[in-house]
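What follows is a single structure, written as structure tokens, with notes after it.
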Amino acid sequence: MKTSTKASLYVFLIFGVTYLIVRFGIQMLFKDINIYLLTAISAIITVILSPQRRIVKTRSGDEIQLKWLFSKKVITLK
């Protein structure tokens, strides 16, 4: 599996899990919220909380780095 595919898969899975947690959390707090507003708020919060993927060019080749809001450490995929 290519490194870019692996990084995309990680980001997608983390995004999906984070979206579900945020969506059901908001839905539990606000019982009578409009479904469209719930979806929009959940998506915005999830985009902020999910990891960001960066491609860094080094001497040995391109590396993909994942940077997350909750971690000071940068995850490097080779």
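The values are calculated or read from the model by the stated rules, or taken from the named source; none is laboratory data. Bear in mind that the values here come from a model prediction, so they are computed numbers and not experimental data. Heads up, the Cβs are rebuilt from the backbone with ideal geometry, glycines too, and the neighbour counts pull from every protein chain shown. SASA here: full protein model, heavy atoms, side chains in, ligands and nucleic acids out. Shrake-Rupley method; radii C 1.70, N 1.55, O 1.52, S 1.80 Å.
Please identify the chymotrypsin sites (Phe, Trp or Tyr not before Pro) of the chain that satisfy two criteria: DSSP loop assignment and at most 13 other Cβ atoms within 10 Å. Which are they? Working shown, then result.
Details: sites: Tyr10, Phe12, Phe15, Tyr19, Phe24, Phe30, Tyr36, Trp68, Phe70; in loops: Phe30, Trp68, Phe70.
Answer in residue order: Phe30, Phe70.
Report the relative contact order of the chain, percent, no decimals, based on alpha-carbon pairs under 8 angstrom and at least 6 residues apart.
Values: 81 pairs, mean separation 21.7, N = 78.
Computed over the chain, the figure is 28 percent.
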Using θ = phi - 60° and Karplus 6.51 cos²θ - 1.76 cosθ + 1.60, couplings along segment 59-68 (whole Hz; Gly, Pro as x): 5, 7, x, 7, 10, 9, 10, 10, 10, 10
Residue with peak Gaussian network fluctuation, the chain [Cα springs, cutoff 10 Å], from Val22, Val56, Val47: Val56
Dimensionless Rg ratio for the chain, taking C-alpha atoms and the 2.2 N^0.38 Å reference: 1.37
Phi-based couplings in Hz for segment 29-39 (Karplus 6.51, -1.76, 1.60; Gly and Pro marked x): 6, 10, 5, 9, 7, 5, 5, 6, 5, 4, 5
Apportionment of accessible area to carbon and sulfur, the chain, percent (1.4 Å): 66
Listed residues Ile64, Ile45, Ile33, most fluctuating in the chain (Gaussian network, C-alpha, under 10 Å): Ile33
Separation of the Leu77 and Gln52 label points, Cα + 7 Å toward Cβ, nm: 1.7
